[in-house]
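The values are calculated or read from the model by the stated rules, or taken from the named source; none is laboratory data. Everything numeric here is computed off the predicted structure, so don't read it as measured data. Note: ideal-geometry Cβ built from the backbone for every residue, glycine included; neighbour counts use all protein chains shown.
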Amino acid sequence: MTPPLGIFRNKRVLVTGDTGFKGSWLAYWLHYLGANVHGFSHPPERDCDHFNVLGLARHIHHTDGEIRDYSQVREFMETTRPEFIFHLAAQPLVRKSFREPKLTMDTNIGGTVNVLEAVRFTPSVKVLVTITSDKCYRNKEWCWGYRESDELGGKDPYSASKAAAEIVYSAYQDSFFAGRPQFGAASVRAGNVIGGGDWSTDRIVPDCIRALQSGKPIVLRNPQATRPWQHVLEPLSGYLLLASRLYEDPAQFRGSYNFGPDSREIHTVEEVARALISVWGSGGIKIARNESDPPEAGLLHLNCDKAHHALGWYPRWNFAKTVERTAQWYKSVKEGTDAVALTRRQIIEYMESSP
Ligand SMILES: NC(=O)c1ccc[n+]([C@@H]2O[C@H](COP(=O)([O-])OP(=O)(O)OC[C@H]3O[C@@H](n4cnc5c(N)ncnc54)[C@H](O)[C@@H]3O)[C@@H](O)[C@H]2O)c1
């Protein structure tokens, strides 16, 4: 494996949220890169979850754990002594955050405090990447992309929890980590990630795939809403690249980074659904607005100039390829293709693609 990702070979890496959609792709990618991966999260929720279909428990060292419980987080870090940490464990659903605001805050803010606090007392840790969200920015309905220095804030509980997690990260950085030699921490902001193996509720791709698999029309509440869609491998490649840079030069690379698609790749929910139907080969759409639904945020997309210039990170897959590879994953696995081989093939294809 060539640098910079070759740096993960034989390194002890902790991924919180490894049973989730993004965490399972990241944990498998790190395993593929030769890392010694330790996962900490709730158990996977469904048999069909990416973690389960990959048989990830056989490839990495997974521990069922509660991120809201500091003693568990601390003990896990003391036992595993990781060099790299990617903190993804969270309650990530906006609609659920309206139903369960306290759980969302406790998990996303309290969980981040627990990870940062445990890192203070774990000298083995060289790099910490805290995953928040593009929703950490106060949404001013601007048509231009948000920069890392823009105001944080959130009207809904999920967005507020991620903005607060950013402030917590920043306070630990300034108060405890700035003077810690050979240690680099960063927060990363991405959004609207799609790819194979996500079965979460209230997300556009899993909702579409469930409808396509059962032969029912895809129900869209907000067909003209636009989002900056990107394949899951895009932000993960940014996290890995950033972590490798932090390992080499913590002082130069610490801070916050956006990872998002080119602004030309912003498309509507309906365009995603139609593109999925086209790869699937059948299916229809039904528009059903529900006035009692929580309000959806308007357009929010990221300015990624910092990641381009500081890290040399650029997106590699356009919208068409992103949706095609996503639909292909679900369709092929349904038709019996081995999920491990398919996930590995997509990772290799991504690594071999040019920006
Ligand atoms: N998927 C997206 O489009 C997207 C966009 C922006 C940001 N993010 C962020 O990326 C991260 C991963 O998101 P995802 O889409 O993979 O979510 P997911 O729901 O698929 O996974 C969440 C993970 O967190 C774990 N978890 C949740 N509560 C926990 C708790 N109390 N204790 C221990 N583990 C707990 C779950 O077990 C799971 O492993 C989250 O921080 C999310 O906010 C995701």
Filtered residue count, the stretch 119-129, keeping only those that are surrounded by 16 or more Cβ atoms within 10 Å (Cβ to Cβ) and part of a loop (DSSP other than H, G, I, E, B): 3
Qualifying residues in the stretch 214-230 (those that are under 15 Å from residue 319 (Cβ atoms) and polar (S, T, N, Q)) - the one surrounded by the fewest Cβ atoms within 10 Å (Cβ to Cβ): 226
Selected residue [near the ligand (Cβ under 10 Å from one of its atoms) and under 21 Å from residue 96 (Cα atoms)] from 221, 203: 203
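Of the residues 141, 100, which single one is over 19 Å from residue 238 (Cβ atoms) and out of contact with any helix residue (DSSP H, G or I) (no Cβ under 9 Å at 6 or more places or on another chain)?
Every option except 141 fails the conditions.
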Number of the condition not met by residue 58 [criteria: (1) assigned to a loop (DSSP other than H, G, I, E, B); (2) modelled with pLDDT of 95 or more]: (1)
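Which residues, taken from the stretch 130-145, are of a type outside the set (Gly, Ala, Ser) and surrounded by 22 or more Cβ atoms within 10 Å (Cβ to Cβ)?
130, 131, 132, 134, 135, 136, 137, listed by residue number.
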Identity of the residue in the stretch 64-79, more than 10 Å from the ligand (Cβ to nearest atom) and over 23 Å from residue 243 (Cα atoms), that ends up surrounded by the most Cβ atoms within 10 Å (Cβ to Cβ): 70
Criterion (touching a Lys or Arg at 6+ places or on another chain (Cβ under 9 Å), touching a residue at least 60 places away in the same chain (Cβ under 8 Å) and hydrophobic (A, V, I, L, M, F, W, C)) met by exactly one of 84, 8: 84
Candidate set: the stretch 46-58, residues that are without any contact (Cβ under 8 Å) to a residue 24 or more places away in the chain and within 13 Å of the ligand (Cβ to nearest atom); chosen: the one surrounded by the fewest Cβ atoms within 10 Å (Cβ to Cβ): 57
Residue in the stretch 154-175 that is in a loop (DSSP other than H, G, I, E, B), more than 15 Å from the ligand (Cβ to nearest atom) and of a type in the set (Phe, Trp, Tyr) present: no
Odd one out for residue 300 among (1) of a type in the set (A, V, I, L, M); (2) part of a helix (DSSP H, G or I); (3) surrounded by 13 or more Cβ atoms within 10 Å (Cβ to Cβ); (4) in contact with a strand residue (DSSP E or B) (Cβ under 9 Å, 6 or more places away or on another chain): (2)
Residues (assigned to a helix (DSSP H, G or I), touching a His at 6+ places or on another chain (Cβ under 9 Å) and away from the ligand (no atom under 12 Å from the Cβ)) located in the stretch 80-118: 80, 116
The stretch 4-27: number of residues that are within 13 Å of the ligand (Cβ to nearest atom) and not in a loop (DSSP other than H, G, I, E, B): 10
Sole residue being modelled with pLDDT under 95, out of contact with any Gly (no Cβ under 8 Å at 6 or more places or on another chain) and either of a type outside the set (Ser, Thr, Tyr) or at positive phi (or both), chosen from 5, 26: 5
Hits in the stretch 1-36 (condition: farther than 21 Å from residue 192 by Cα and aliphatic (A, V, I, L, M)): 1, 5, 7, 13, 14, 30, 33, 35
Cβ pairs under 6 Å, 6+ apart, first in the stretch 219-246 and among the aromatic types (Phe, Trp, Tyr), second part of a loop (DSSP other than H, G, I, E, B) and within 14 Å of the ligand (Cβ to nearest atom): 229/192
Matching strands (runs of 3 or more DSSP E) fully within the stretch 176-271 where at least 3 residues are modelled with pLDDT under 95: 226-228, 266-268
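For residue 37, are the conditions met, namely being more than 10 Å from the ligand (Cβ to nearest atom), of a type in the set (A, V, I, L, M), modelled with pLDDT of 95 or more and buried (at least 24 other Cβ atoms within 10 Å of the Cβ)?
For residue 37, the condition - more than 10 Å from the ligand (Cβ to nearest atom), of a type in the set (A, V, I, L, M), modelled with pLDDT of 95 or more and buried (at least 24 other Cβ atoms within 10 Å of the Cβ) - is met.
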